[in-house]
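Worksheet: one structure, shown below.
Readers should treat all values here as calculations from the given coordinates under stated rules, not as data from a laboratory. No experiment lies behind these values; they were computed from the predicted model shown. Virtual Cβ from ideal backbone geometry, glycine too; neighbours counted across all protein chains shown.
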Amino acid sequence: MSQRNQQVVRIEEQLMEELEGCKGREEVYAFVQGGVFGLFQAAEKDRQLPSVVGSYPRLVAATMRVLRERFGDYTGVGWVFSRLKGLGADSYVIGASGEVYAEVLRARWEGFGDLGRVVELCEEIDQNGVDPTESLVLQMREVLEQVSKDIQGVNGKTAQALHTREDIFANDELGSIVGEWGRKWFVPKLGDENLLHEIEDLDDIHEAQQ
């Protein structure tokens, strides 16, 4: 390991400790702005971006996790993601790892129940060629299982479900997207053949409404 990489590892360890010590959301915002994004910007300025390829996304994901779990700040997770993108292509490519996307997906679903934005995010993941982590794939699966239960009334609240059938299938492409998730990610990553039956059920409901 080069001296530069050793230095980055030490900085990452220090930043993780600092993150754990944050007492409020404002402290977390200041931390990510100066510490995490500052680390990336310093490496970019010194033309040493390869040295932060591992540390940068880990720190971003950890910050998002603290905002979500400790403070219930789902909007803050979105702000961190937007800021990561706003720092330019290198920040986006290096920082938007599978774990980071998993945190963003969880925030969009847990915080807002926003199926449309979840679908957009998964399309972005696919278009960018990101290899989904198991955590990310499990999040995708959780979303689809909940949607399936809601529209079939399994939870006994069909009339007041977060997603009406019209909401779910407002986009005609959703059925094919759902099937693609299953074939591309669920079975290869999780060995989950059973979820394909859930996908087929969603498709059947869609066809029955046509």
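Data overview
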item	result
Modelled FRET efficiency - R0 41 Å, S2 with E142, Cβ distances, 0.05 increments	0.55
Segment R10-N128, length gained on full extension (0.36 nm per residue, minus Cα span)	39.5 nm
Segments 67-77, 45-55, 17-27 sorted - mean Cβ within 10 Å per residue, highest first	67-77, 45-55, 17-27
Where the Cα pairs of the stretch 1-114 fall when distances are cut into 5 Å bins, in %	2, 12, 24, 24, 20, 11, 4, 2, 0, 0
